[in-house]
Amino acid sequence: VLVADGTYTILDPDGIDFKGKAITVRSENGPQNCIISGGGDGRSFYFHTGELNNSVVSGFTITGGVIDGWSTGGGGILCEGASPTISNCIIRNNRTEAIAWGGGGISCTTFAAPVITNCVIESNSAVDADGGGGIYCDNASPVMRNCTIVNNSAGTDSGGGIYIFGPSSTLISNTIFWGNSPNQIDYSNTAPDITYSDIEGGFPGTGNITSDPLFAGAGVYSLATGSPCIDAGTASGAPSSDIEGNTRPLGAGYDMGAYESQ
């Protein structure tokens with residue numbers, strides 16, 4: 001399903017439901033040009049019917065989602081017992097409130113194992129919820145590669161970038177965690193396996209660094225010349241292009257984050 005440029009407001013508060021179908025929903029010209037809005041009352045996408053990695057959402061800005069009250073969270077996207085692919089998306093300004101579970105941007109629960117690549121997850125929040133301003137995991141096994149997770153916040157618990165609750169197996173590589181509050185990463189049971197990533201304040205793992213990623217500008221998350229994230233990633237599992245469709249790698253190695261430096 002190829003979606004033309006424009007802004008689309010989701011009327012169903014549960015969000016777009018793939019109903020178990022192995023389909024790809026993709027924007028025609030990338031996330032800057034195609035916006036899916038929760039409209040301030042509900043989320044944008046809801047995966048809960050056993051979807052696998054061949055159910056794909058790609059190339060959207062996902063914004064304006066609000067989940068209030070008792071819920072499994074996921075202001076932008078909820079993966080509940082489902083494992084879709086989420087790629088080349090900007091997930092920003094979504095939130096969970098009140099007694100909703102966390103995951104202002106994305107919530108992964110009940111054996112969900114989504115693959116999340118080349119995504120910018122920014123300025124999402126979990127207000128008075130179970131942590132995870134950007135991402136919340138509960139008994140889930142997400143795989144994240146080449147994402148940029150910045151300026152998210154968790155109001156009550158911690159894990160502004162990602163909060164992992166329960167026995168979850170989380171694999172993360174080539175990803176930047178920066179400017180999230182009150183901290184970047186937190187977990188209550190099983191620590192995530194994070195490698196070749198740039199994490200403010202540090203986190204154990206092969207190839208991880210703690211240096212300022214040197215973004216190109218305020219609100220612009222491509223990498224400036226001299227960024228320590230350039231050529232610092234791993235080829236293992238890395239996507240062949242970045243969020244803008246530029247070929248990876250360009251240079252001596254793969255860059256960390258959603259953008260391959262040009």
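A few points about this structure:
- Residue in the stretch 165-178 that is surrounded by 24 or more Cβ atoms within 10 Å (Cβ to Cβ), among the hydroxyl-bearing types (S, T, Y), within 20 Å of W70 (Cα to Cα) and in contact with a Gly (Cβ under 8 Å, 6 or more places away or on another chain) present: no
- Close pairs from the stretch 135-152: first under 20 Å from P213 (Cα atoms) and open to solvent by 30 Å² or more (accessible area, probe 1.4 Å), partner of a type outside the set (S, T, Y) and not in a strand (DSSP E or B), Cβ under 8 Å, at least 6 apart: R145/N118; R145/N174; R145/G237; R145/A238; R145/P239; N151/G179; N151/N180
- Exclusive hit being assigned to a strand (DSSP E or B) and free of Cβ contacts under 8 Å to residues at least 40 places away in the same chain, set I99, I116: I116
- Scanning the stretch 203-245 for residues that are surrounded by 15 or more Cβ atoms within 10 Å (Cβ to Cβ) and among the polar types (S, T, N, Q), we see that the one that is farthest from T85 (Cα to Cα) is S227.
- Of all residues in the stretch 119-136, those satisfying the criterion of being assigned to a strand (DSSP E or B) and of a type outside the set (A, V, I, L, M) are E122, S125, Y136.
- Any hit, the stretch 244-258, residues being more than 28 Å from G131 (Cα to Cα), over 19 Å from the mean Cα position of the chain (by Cα), part of a loop (DSSP other than H, G, I, E, B) and of a type in the set (S, T, N, Q): yes
The values are calculated or read from the model by the stated rules, or taken from the named source; none is laboratory data. Everything quoted here is computed from the prediction, not taken from an experiment. Cβ atoms come from the backbone with ideal geometry, glycine included; neighbour counts cover every protein chain shown. Areas reflect the complete protein model, heavy atoms only, side chains present, ligands, DNA and RNA absent. Shrake-Rupley method; radii C 1.70, N 1.55, O 1.52, S 1.80 Å.
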